[in-house]
1. Considering the options Leu62, Ala74, Gly159, tell which one lies farthest towards the positive end of the dipole of the chain, charges being +1 on Lys and Arg and -1 on Asp and Glu at the Cβ, about the Cα centre.
2. What do you get for Rg/Rh of the chain when both radii come from the Cα atoms and Rh is the Kirkwood radius?
3. Would you mind checking the tilt of helix 58-71 against the longest principal axis of the Cα atoms of the chain, expressed as 0 to 90 degrees and rounded to 10?
4. Of all DSSP beta bridges located in the stretch 320-500, what percent are antiparallel, nearest 5?
5. Hey, with R₀ at 35 Å, roughly what FRET efficiency would His319 and Ala249 work out to, going by the Cβ-Cβ distance, to 0.05?
6. If you take every residue apart from Leu524 with its C-beta less than 14 Å away from the C-beta of Leu524, what net charge results, scoring Lys and Arg +1 and Asp and Glu -1?
7. Residue by residue through the stretch 183-198, which ³J(HN,Hα) values in whole Hz follow from phi under the Karplus form 6.51 cos²θ - 1.76 cosθ + 1.60 (θ = phi - 60°), with glycine and proline marked x?
8. Calculate I(q)/I(0) for the stretch 320-500 by the Debye formula, one identical point scatterer on each C-alpha and no solvent, and give its log10 at q = 0.14, 0.19 Å⁻¹ to two decimals.
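Values in this text are rule-based calculations from the coordinates and carry no lab data. These figures come from a predicted structure and were not determined experimentally. Cβ atoms come from the backbone with ideal geometry, glycine included; neighbour counts cover every protein chain shown.
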Amino acid sequence: MAALIPFNDGGRRQAETNGMNPPDPDRPASIDCTHVGPVAVITFSHPPVNALSVGAGVIDALADSIGAAIADPAVGALVVMAAGDLFSAGADIADFGASANKLDRMRALTSDLIEAAHKPIVMALHGMALGGGLEFALSGHYRICAPGTKLGLPEVTLGLLPGAGGTQRLPRLIGVEAALQMMLSGTPLDASKALALGLIDRVATGDFRAEAAAWAKELVAAGPKRACDRLPAGDPAPAIDQARRGLDARSLSQAPAFIIDCVEAACTRPFAEGLALEKRLFESLIDSEASLGLRHVFFGRREVARIPGPKTSAAGVIHSVAVIGGGLMGTGIAIALLNSELKVTLIEPRAEALDKAVATIRKTIQRDVDKGRLSAAAAAHRIDSLFPSATLEACAAADLIIEAVYESMDVKRQVFVELDRIASPAAILASNTSTLDLDVIAACTRRPERVVGLHFFSPANIMKLLEIVRGRRTDPGVLAASMAFSKAIGKVGVVSGACDGFIGNRMFEEYLRQAYFLLEEGALPAQIDGALENWGMAMGPLKVMDLAGQDIGWSIRKRRAIEQPGRPYSTIPDQLCEMGRFGQKTGAGFYLYPDGRTAREDPQISALILAHSAKLGITRRAVADAQIVDRCVLALVNEGARIVEEGIAYRAVDVDMVSVFGYGFPAARGGPMFYAARMGFANVVRRIEEFAAGRNGWAWVPAALLRSNP
Ligand code: 3HC
């Protein structure tokens, strides 16, 4: 039986225990030192991203090599650069699991050896310099970049702060406001912007490696120039106050607040004290729940790409895609693909619908131009890559065909029979169904092994999740190619077995069931949504249904009433639908939407809920927010565990990534299974058993997998 282990090792343990393609074996770190006249050029390498790993020996090797060059009387200046595609992605995140103290070796390298050196040290950057990689570069005395290099401190996205001197050196180099902006957003800067801000000294015009060595030779006479010797320019108070006011009170991570504290210290305390505060706060964050959860998501989103069968990289590459259906989904999918520089044939037989889809696509791309996110030339290229067509024959040459027509088996069947006739034998035939049986769809073709589900989430050009649905006969090569395709279009692809609702909607159904029961027992919509939003969900469940359209849930519940008579739902949402309250699109659902978007509580709905409870003979009680969270979140956990148990999901982390990237589950809580592991599986089972003893306890049979994990 699968284990529900949390992990923080880049997926190695999970891959080993589940028979997946493991990550590439560790490629050893290496270091090389050559001499160009009086300049020692040190090049380090630690594939794939030059993580500055203590565990893999990178930090020690750098310290030895740099220390030797500083001590060498023949050396007048040093250049430090990296092999491969980028300078460095930062400290090794896998190091943190073992001990935060490991970073002390990196701090000693940057502060005591590099910054303190009496010979000038030039850092030569290319590709990317992120996190600890950039901090390492900031400790050097001069910086030169290859054009286009990205420089960033993304630690905040991992629930951390820059912990190798970044919070102290960055404001000294670029000022408080820009430093806060960079560290609080985590967004990297381009080399040209970095130059304008003073983060780097030069952008190379030719071969950056040769230019760095030549420049270092000139700098022998100039000597070192240390960031720690300056003070941040200007009055820091306004920028610090503004940053504090901008903190999100609901944030589960303390990292943003701590970053501001460190920057304040950089302006008000001696350098060494600032570094000491940074170290103390970094170490308190490293064990925080939020950082553990965010690091789980960092590795998890990469881990889910590891699936059995051929290696993803060996799968066929998809160049041309046809999308069938010009409705909301088809249009969103086409935009997502165009944004990824793919050629897209959009097929819609109804002329009016096709015109509308093309107009929406143009408008969405133009919006990116208006907002300065896209150049006019790039937008024109995207629009030229769209080939609208009214006939199915237009998909004959596509490598991948995505059907996104109306969610009805009859309609889909007709499409797949035709596709089987028209599509090239090598094409992958994908259905965007969110509920229908993929095996039935595949059986309409003579090539069920080429049929896969690609379940996009609306709006498809925004939402990160792509459920890749494996039918009984889907070829593993088709799955691997679909996974590679999901990465190519910037989505987090997660493979799901074929079942009603796949991973995400199946879990969401149990979550909703509890939310509706809680309405009957004593809570009102705003309390349920508020409790879950305060806990970190992007949007409460009742607001989600108002957004998605109450009619969608209604049709599913009608089907369930026949298929699963023993698993009843509250009829409250049905009553809403009977009143024509389908949510935002009708201006009313659980809430009123006077402006079409903003939810306002409606006394009529409160009265309806109270009357409904009375009719059921329920004495309404005060429901604590904590109980709302427990009931709804543990419903996700229990169904998620069952999904792993049944093999619908390969691993627990797949369930987590579906929840985080498709359903607004807070990344800082890692996902339902990670959350359950942190809570302790025995505690989860105990809680579920308590619910099982209460009203509608039939819904609470603990998954065997929860019991079998310690
Ligand atoms: N530590 C450990 N492993 C890392 C890593 C890091 N900092 N960055 C990437 N990796 C691993 C990935 O897990 C992946 O491993 P896998 O092959 O076993 O799955 C492999 O390197 C390749 O990474 P990607 O698949 O992400 O490669 P891409 O080319 O898509 O992206 C990247 C490259 C943009 C550099 C991306 O990897 C990235 O954003 N990395 C993390 C950057 C970051 O957050 N740095 C801060 C680290 S914390 C820190 O530095 C603390 C410091 O303040 C002390």
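1. Highest projection toward the positive end goes to Gly159.
2. We get a ratio of 1.00 for the chain.
3. That works out to roughly 20 degrees.
4. 15 percent
5. Efficiency computed from Cβ-Cβ geometry: 0.15.
6. With Lys, Arg at +1 and Asp, Glu at -1, the net is -2.
7. My calculation for the stretch 183-198 gives 7, 7, 8, x, 7, x, 9, 7, 3, 5, 5, 4, 5, 4, 7, x Hz in order.
8. These q points yield log10 I(q)/I(0) values of -0.69, -1.27.
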